[in-house]
Amino acid sequence: MGLLLDINSNIVKELNSFAHNGTNLKLNGLFKIDSERSIWLGKKWQNFYIDFSKQLIDKEIFKSLLELAEQSLLYEKISSLVSGNSINTSENRSALHSALRLPKDETLKVNGLDIVKDVHKTLDQVELIVDKVHKGQWRGYSGKPITDIINIGVGGSDLGPFMVANALKDFRVPSRLELDFHFVSSMDGTQIFKLLEQLDPATCLFIISSKSFTTVDTFYNANTAMEWMLEACPIKKLVLKQHFIGISANPEKMSDWGIFKENRLLFWDWVGGRFSLWSAIGLPIALSIGMKNFRQLLAGAHEVDKHFATTSFDSNLPVLLGLIGVWNATFLNINAHTVLPYDGRLQFLPNYLTQLEMESNGKAVTKSGHKVEFKTCPILWGDIGPNAQHAFYQLLHQGTQKVSCDFIAPIKRYHDKKNKSKTDEFLVKQHDLALANCLAQSRVLAFGNKAVSNSGELPAHKFYNGNQPSTTILMDELNPHTLGALIAMYEHKVFVMASIWGINPFDQWGVELGKVISEEILESLYVKEDGQKYDESTESLLKAVKGKV
Ligand code: F6P
């Protein structure tokens, strides 16, 4: 089996038969017959403990999943990924986000050139900017230092930096000035107009983040920001020099827009947008947490890269996350997956993962152009666990859908603080409360009410079936290093799943057509006469928009 999960292969037939013999796949029973289950399915690695024991697998299934990985040539595919082969076949590129985390003294040659040098040159450039802004030396048109950083970007040029900068607010470095961070992504203008009302143009620094530097959403927002700046300071050159930084893989487009040469930060076409937070796209993160912490984020991810490339599959965390993902989606037909962080700092992780997983693996053709004959990426969503308990857990506990869950929680809050204040103590207590809820919810979801409480016979509406599979990811504490590692685990999980399915996780052709059609429709909005250009529904909607219905 090379590129395509072969539904006729013996290993796939075997896994299908395990899945269809579902009567054995009851978590209560699986725990009863195997008292060591949480030992062999509980994996400790560095600052992480991942409990896979509440997944609907047993020893035989586990073994077969590992065999599936072998037969899918996963070892070879991982090595192709990290060595820079052109594995993004539809775009003829490599996917080298792991190279963005390589230490300075390593080398990785792609087409004869050592890309690690370029990576670190850019990191040094990022550091210079961070330093200048933090020291109050980056000044606006009136000579005042910068106080507000506004990242304008969308998708991978927004979600990653936004999620990480929020998650690591506790690690913000004190700069001479209290910096405020803002993220603008939505094309409809709500965010940017509301934000600009509150800002002083003299102290704003806009970061235009766009791999392609052509994304219309970003450029409408950037143009609005420019117009607003020019109202305050009509000297465009000065505004561009002191108030706009560009980050892109397309230097020509940056120059066309007017970004000053010294304000251009580059990354490379071998970095996918949704894998780009480690590149210069991470500038807002570095401005927020400082370069030392940003490098820790990279170091955490690099640890996972090494683990992924060298650890045998039975203890390889991203491989296990991926194999279980495939087992749930493809074999058990569980088409929904929810991510539930029990720490408000990870509020935006689920949203970030929707792009990482669904834009990567929401595909129905294989790399060789064949239609897949099985289910690929499930629908992913999530929220802070404690809030989700009061929103959609009802469906998880008593609804009719099978849903797989990832519970995520740091074990400690403010691990190293010696002199805790009263407020810190209370924060720790609240953190423990969330942790207890995390463990309780995964227990009830797995085992149902009969097994976890002795409340006797209950009316049907109080019945909890249990048997919803989940993985619990615990980390010692949330810091730049552990967050970097966590994100890299999910990146590689996505790659593992794609490798088993035989699909390309690094392109996103499914988002292109809508962009083209919307250009046509935008023109039609301004045409007075009724048209017959589109389908009836769209024509009626256009009429309604124009007030003709
Ligand atoms: O439309 C999808 C997409 O291409 C994503 O893959 C990407 O992260 C986002 O748009 C933004 O693209 P860019 O960074 O080129 O502006």
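Condition (residue is in contact (Cβ under 8 Å) with a residue 24 or more places away in the chain, out of contact with any strand residue (DSSP E or B) (no Cβ under 7 Å at 6 or more places or on another chain) and aromatic (F, W, Y)) applied to the stretch 534-549: is it met by at least one residue?
The initial filter retains those residues of the stretch 534-549 that are in contact (Cβ under 8 Å) with a residue 24 or more places away in the chain, namely none.
No, the stretch 534-549 has no match at all.
When the stretch 135-159 is limited to residues that are open to solvent by 30 Å² or more (accessible area, probe 1.4 Å) and touching a residue at least 60 places away in the same chain (Cβ under 8 Å), the one that is nearest to Q347 (Cα to Cα) turns out to be L159.
When S90 is tested against the conditions (1) within 16 Å of the ligand (Cβ to nearest atom); (2) open to solvent by less than 50 Å² (accessible area, probe 1.4 Å); (3) not assigned by TED's automatic domain parsing to the domain that holds G273, the lone failure is (2). Is it the case that the stretch 342-354 has a residue that's under 26 Å from P386 (Cα atoms), in contact (Cβ under 8 Å) with a residue 60 or more places away in the chain and polar (S, T, N, Q)? Within the stretch 342-354 (the criterion being under 26 Å from P386 (Cα atoms), in contact (Cβ under 8 Å) with a residue 60 or more places away in the chain and polar (S, T, N, Q)), the answer is yes, since at least one residue qualifies. Counting only helices (runs of 4 or more DSSP H) that sit wholly inside the stretch 329-408, not one has at least 2 residues that are aromatic (F, W, Y) and within 16 Å of the ligand (Cβ to nearest atom).
Being within 16 Å of the ligand (Cβ to nearest atom), surrounded by 21 or more Cβ atoms within 10 Å (Cβ to Cβ) and assigned by TED's automatic domain parsing to the domain that holds Q242 is a description that applies to F206.
Is there a residue being in the same structural domain as V173 (by TED's automatic domain parsing) and free of Cβ contacts under 8 Å to residues at least 60 places away in the same chain anywhere in the stretch 265-276?
Looking for residues that are in the same structural domain as V173 (by TED's automatic domain parsing) and free of Cβ contacts under 8 Å to residues at least 60 places away in the same chain, one finds none in the stretch 265-276, hence no.
With respect to M497, determine if the residue is within 30 Å of V365 (Cβ to Cβ), touching a Leu at 6+ places or on another chain (Cβ under 8 Å) and in a helix (DSSP H, G or I). No.
Screening F52 on (1) in contact with a Leu (Cβ under 6 Å, 6 or more places away or on another chain); (2) outside the structural domain of H481 (by TED's automatic domain parsing) shows it passes everything except condition (2). The number of residues in the stretch 126-159 being more than 16 Å from the ligand (Cβ to nearest atom), assigned to a loop (DSSP other than H, G, I, E, B) and either aliphatic (A, V, I, L, M) or farther than 25 Å from E231 by Cα (or both) comes to 2. Condition check for F213 on (1) within 16 Å of the ligand (Cβ to nearest atom); (2) at negative phi: one failure, at (2).
Yes/no matrix, rows are residues, columns are (1) surrounded by fewer than 22 Cβ atoms within 10 Å (Cβ to Cβ); (2) not in a helix (DSSP H, G or I):
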{"residue": "L230", "(1), (2)": "yes, no"}
{"residue": "S255", "(1), (2)": "yes, no"}
{"residue": "V271", "(1), (2)": "no, yes"}
{"residue": "A286", "(1), (2)": "no, no"}
{"residue": "I289", "(1), (2)": "no, no"}
{"residue": "E303", "(1), (2)": "yes, no"}
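Among the candidates N24, N16, N10, the residue that is surrounded by fewer than 19 Cβ atoms within 10 Å (Cβ to Cβ), over 29 Å from the mean Cα position of the chain (by Cα) and touching a residue at least 60 places away in the same chain (Cβ under 8 Å) is uniquely N16. Just one of the numbered conditions (1) under 26 Å from N28 (Cα atoms); (2) at pLDDT below 90 is not true of K422: (1).
The residue that is farthest from V452 (Cα to Cα), among those in the stretch 32-61 that are free of Cβ contacts under 8 Å to residues at least 24 places away in the same chain and open to solvent by less than 70 Å² (accessible area, probe 1.4 Å), is W40. Every condition in (1) open to solvent by 10 Å² or more (accessible area, probe 1.4 Å); (2) not in a loop (DSSP other than H, G, I, E, B) is met by I192 except one, and the failing one is (1). Annotation for the stretch 518-532: at least one member residue is within 16 Å of the ligand (Cβ to nearest atom), surrounded by fewer than 20 Cβ atoms within 10 Å (Cβ to Cβ) and not hydrophobic (A, V, I, L, M, F, W, C). All conditions in (1) hydrophobic (A, V, I, L, M, F, W, C); (2) touching a strand residue (DSSP E or B) at 6+ places or on another chain (Cβ under 8 Å); (3) within 16 Å of the ligand (Cβ to nearest atom) hold for L287, with the sole exception of (3).
Could you grab me the full set of residues in the stretch 160-189 that are within 12 Å of the ligand (Cβ to nearest atom) and buried (at least 24 other Cβ atoms within 10 Å of the Cβ)? Hits for the stretch 160-189 are G160, P161.
Look at the stretch 115-134: where a residue is closer than 18 Å to P284 by Cβ and a partner is among the β-branched types (V, I, T) and modelled with pLDDT under 95, sitting 6+ places away or on another chain with Cβ atoms under 8 Å, you get H134/V173.
The values are calculated or read from the model by the stated rules, or taken from the named source; none is laboratory data. If you're wondering where the values come from, they're calculated on a predicted model, not measured in any experiment. Positions of Cβ are backbone-derived with ideal geometry, glycine not excepted, and every protein chain shown enters the neighbour counts. Areas reflect the complete protein model, heavy atoms only, side chains present, ligands, DNA and RNA absent. Shrake-Rupley method; radii C 1.70, N 1.55, O 1.52, S 1.80 Å.
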